[in-house]
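In what follows, a structure is listed as structure tokens, so that the remarks can point back to it.
The values are calculated or read from the model by the stated rules, or taken from the named source; none is laboratory data. This is a predicted model, so every value here is computed, not measured. Note that we place each Cβ from the backbone using ideal geometry, even for glycine, and neighbour counts take in every protein chain shown. Surface areas here come from the heavy atoms of the whole protein model, side chains and all, with no ligands, DNA or RNA. Shrake-Rupley method; radii C 1.70, N 1.55, O 1.52, S 1.80 Å.
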Amino acid sequence: MELRHLRYFVAVVEEQSFTKAAEKLFIAQPPLSRQIQNLENELGIQLFERGSRPLQTTQAGQFFYQHAVKLLSNAEEIKAMTKRVGTTDRVMRMGFVASLLYGLLPRITYLFRQQQPNLKVELIEMSTKDQIQALKEGRIDVGFGRLRISDAAVRRVLLREEPLMVAVHSSHPFSNKTEGVYLAEIAEENMFFYPTTSKPNFSTQMQSIFSEHGLEPRYSKEVREIQLALGLVAAGEGICVVPDSARTIQFPHLKYIPLLDADAFSPIFLATRNLDESEDIHALFDCIYQIYDLEAIKYDRAGF
Ligand code: BEZ
């Protein structure tokens, strides 16, 4: 059995048709059917239900499909990593979601550059979801994001849980509540969610925190990015929920107050390819935890 057979089989399952799979693979249908027949002969089992329309896998076929997808993804990963190891100039490409720029990302990256003078570090802004694909294709080596997106080829390490704050105008009655407010108190307000990038994103995460509390913000609007949301709050148009680090963004009359619910946190994750055990990645973790120690940020160093 060769990887080619797995690729053919996966294409037939996903297209549910030999004709469509052959088109996708740019091969003629008879050799494709022969290859699948050879595969079934080698395994000594039937992978597809005969005569099914659209084509259905047997139970064994479904099992084989799940493992074939994993194997193909591992093969892509090995290819990307070997290319990376083979390049003479060491490069670390770091994907990140924009909101992390207001927190510790600039400091961490600067310190990491100083500690690794022979490593070229590149920062590339992209959503957490896009980071997963970019990691698998070798376009980035690590990804910093806020979402719990799982993928068999990707290892996700929780770095810390960042507290959430509510941004309000100084004339708003909440601005005197310096001890903080609960989600239930803000659900009736004019609320800005952001960004408008492809879902899931920070907006989805915030809306699910409300629904987990059985709440639905009454007047909500989605805006392109965090600066826009905060500018509109400073203009007296409403309020918004932000990660604590966004407090570095200042506008006249903009006040930040804590969100008091026990789950009012936004996680920060570092994602890497599953098989990537490079020393540069270990060094990056060390650098992050050095900054956390300096900032007295609590963390649970699991694995790295
Ligand atoms: C942080 O704020 O904890 C953080 C931000 C970006 C990368 C790593 C950590």
Among (1) aromatic (Phe, Trp, Tyr); (2) within 16 Å of the ligand (Cβ to nearest atom); (3) surrounded by 16 or more Cβ atoms within 10 Å (Cβ to Cβ), residue 110 falls short only on (3)
Does residue 127 satisfy the criteria of being exposed (fewer than 13 other Cβ atoms within 10 Å of the Cβ), of a type outside the set (D, E, K, R), in the same structural domain as residue 93 (by TED's automatic domain parsing) and within 14 Å of the chain's Cα centre (by Cα)?
no
Given (1) of a type outside the set (Phe, Trp, Tyr); (2) touching a Pro at 6+ places or on another chain (Cβ under 8 Å); (3) within 16 Å of the ligand (Cβ to nearest atom), residue 258 misses just (3)
Okay, strands (runs of 3 or more DSSP E) sitting entirely in region 234-304 with 1 or more residues that are open to solvent by 70 Å² or more (accessible area, probe 1.4 Å), I get 254-258, 265-273
Of the residues in region 21-36 that are in a helix (DSSP H, G or I) and among the hydrophobic types (A, V, I, L, M, F, W, C), the one that is surrounded by the most Cβ atoms within 10 Å (Cβ to Cβ) is 21
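So that you can scan it fast, the table gives a plain yes or no per residue for (1) open to solvent by less than 90 Å² (accessible area, probe 1.4 Å); (2) not in a helix (DSSP H, G or I):
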{"position": "41", "(1), (2)": "no, no"}
{"position": "50", "(1), (2)": "no, yes"}
{"position": "70", "(1), (2)": "no, no"}
{"position": "73", "(1), (2)": "yes, no"}
Residue pairs qualifying under the 8 Å Cβ cut-off, at least six apart or on distinct chains, with the first in region 115-140 being under 27 Å from residue 70 (Cα atoms) and the second being among the acidic types (Asp, Glu) and at pLDDT 95 or above, are 135/141
